[in-house]
Amino acid sequence: MALNYKKLPYTTVWVDGPEIAQTCIAEGIPNLDFFADGTPHYTLPALIDATNPDAPVKLVDSKKIVDYLEETYPEADPKRALYPPGTKAFQALAYYFFRESVMIHLRPLSVVGAAALQTDRTRAAYLVRHRESHEKAQKLEGSGKEKAWETAKSALDLMNSFIAENGVPQAPYFAGENITFTDLSIASTRSVAALV
């Protein structure tokens with residue numbers, strides 16, 4: 001989304017789940033963190049910026065990628081910046097709040113829809129990796145699933161109420177009329193949740 005918003009040319013390379021680690025290692029993409037047993041955790045999305053072929057930049061983690069894109073390819077118009085001046089700390093707070101107060105309700109709902117998008121070969125490994133969320137999702141049958149959606153919707157409505165604090169109905173974003181990193185974070189998460 002950030003690449004599209006910034007109108008930066010790019011190529012997408014799709015990688016099947018079981019190949020993520022070996023692809024990242026082969027491409028020199030760093031691991032995100034480590035699993036409890038100390039094994040490196042390789043994940044996507046990742047970015048390789050080969051603008052300078054002698055020193056390509058290789059990153060993982062959506063926020064780090066957006067931070068890099070904003071710093072390396074700043075917008076000519078400051079109103080289009082994903083981090084308008086003076087908003088980075090507030091956006092970090094909003095990002096944390098969204099992950100801890102909203103995403104927690106969407107995760108079990110989205111894991112089933114995301115699993116349906118996996119290849120047959122990948123689906124089982126995906127569900128094992130997301131076992132806790134999958135087990136919660138399996139318990140959400142009938143009215144339980146409806147209740148979970150109501151809770152998730154309430155959390156999203158709370159985020160919308162924060163946007164409404166801007167007081168301008170025709171300005172639907174956190175920074176008013178302009179899209180920010182926070183808006184992209186929420187939009188990408190809602191896209192995944194909409195799969196269910």
What does the net charge come to around Thr182 if you take all other residues with beta carbon closer than 12 Å to its beta carbon, with K and R at +1 and D and E at -1? +2
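What FRET efficiency would be calculated for the residue pair Phe35, Glu150, taking the C-beta separation as r and a Förster radius of 25 Å, to the nearest 0.05? Walk me through the intermediate numbers first.
Numbers: r = 34 Å, r/R0 = 1.34.
With R0 = 25 Å, the Cβ-Cβ based efficiency is 0.15.
Using a 1.4 Å probe over the heavy atoms of the protein chains, calculate the carbon and sulfur portion of the accessible area of segment 1-106 as a whole percent.
Working: 4130 of 6850 Å².
With neighbouring chains kept in place, the figure for segment 1-106 is 60 percent.
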Could you give each residue of segment 15-29 its phi-based ³J(HN,Hα) in whole Hz, using Karplus coefficients 6.51, -1.76, 1.60 with θ = phi - 60°, and x for Gly or Pro? 10, 6, x, x, 9, 4, 4, 5, 5, 4, 4, 4, 8, x, 7
Amide H of His41: which non-local residues (sequence gap of 5 or more, or other chain) have their own amide H closer than 5 Å, using H built in the peptide plane? Leu32, Asp33, Phe34, Phe35
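If you take the square roots of the eigenvalues of the alpha-carbon gyration tensor of segment 38-93 and sort them as a ≥ b ≥ c, do you get rounded (a/c under 1.5), prolate (a/b over b/c) or oblate? Let's see the in-between values first.
Numbers: a/c = 3.40, a/b = 1.36, b/c = 2.50.
It comes out oblate by the Cα gyration axes.
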Can you list residues whose amide H is under 5 Å from Ala175's amide H, if they're 5+ apart or on another chain and H is modeled 1.01 Å from N? Thr180
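The values are calculated or read from the model by the stated rules, or taken from the named source; none is laboratory data. Quick caveat: nothing in here was measured; it's all calculated off a predicted structure. For neighbour counting, all protein chains shown are included, and Cβ atoms are generated from backbone atoms with ideal geometry for every residue, glycine included. Calculation scope for accessible area: heavy atoms of the full protein, side chains included, ligands and nucleic acids excluded. Shrake-Rupley method; radii C 1.70, N 1.55, O 1.52, S 1.80 Å.
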